[in-house]
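Q: Got a structure for you, questions after.
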Amino acid sequence: FKQKTAYEIRPRDWSSDVCSSDLMIDVSDGLGGDLGHLAAASGVRVVFDLDRVPCVPGATPEEAAASGEEYELACTGPATLDAAAFERAFGVPLTRVGFVEAAGRPSVVAERRGAVVTLPKGFTHFAR
């Protein structure tokens, strides 16, 4: 298993000839929650850095990681992916927010300034 790099991208058409994506999910329930779905479905550990999560003005990184209102996609790509070349080719900026690794148990870890933090709660469709 090779370590992959986790990216958050703005949705647009893009070619698998240039960048293959092993894993992808729409971020509609919050980045933390949706990365949890990705980890569970794929049997991996996802580690992401709250300080790297893009935020709208006035939002904290924790709020941004819990929100699903700003439609985004989260995907993985090879660690060697050239994000600048990808943006030049497709006009789609990529933001590296963390990495994916093999795990005995699927999980998501959020970090802030190098320390593990409690994951913000995302949207739960069937919560009462």
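Q: Taking 7 Å along the Cα-to-C-beta vector as the label spot, tell me the T80-R113 distance in nanometres, rounded to one decimal.
A: 3.7
Q: Tabulate in residue order the Karplus-calculated ³J(HN,Hα) for region 94-107, using 6.51 cos²θ - 1.76 cosθ + 1.60 with θ = phi - 60°, rounded to whole Hz; enter x for Gly and Pro.
A: Residue by residue, region 94-107 yields 10, 10, 6, 10, x, 8, 10, 9, 4, 8, x, 9, x, 6 Hz.
Q: Just the number, please: carbon plus sulfur as a percent of the accessible area of region 26-123, 1.4 Å probe, no ligands or DNA/RNA counted.
A: 53
The values are calculated or read from the model by the stated rules, or taken from the named source; none is laboratory data. Values in this document were obtained by computation on a predicted structure and should not be read as measured data. Please note: Cβ atoms are built from the backbone with ideal geometry, for glycine as well, and neighbour counts cover all protein chains shown. All accessible areas refer to the heavy atoms of the entire protein, side chains included, with ligands and DNA or RNA removed. Shrake-Rupley method; radii C 1.70, N 1.55, O 1.52, S 1.80 Å.
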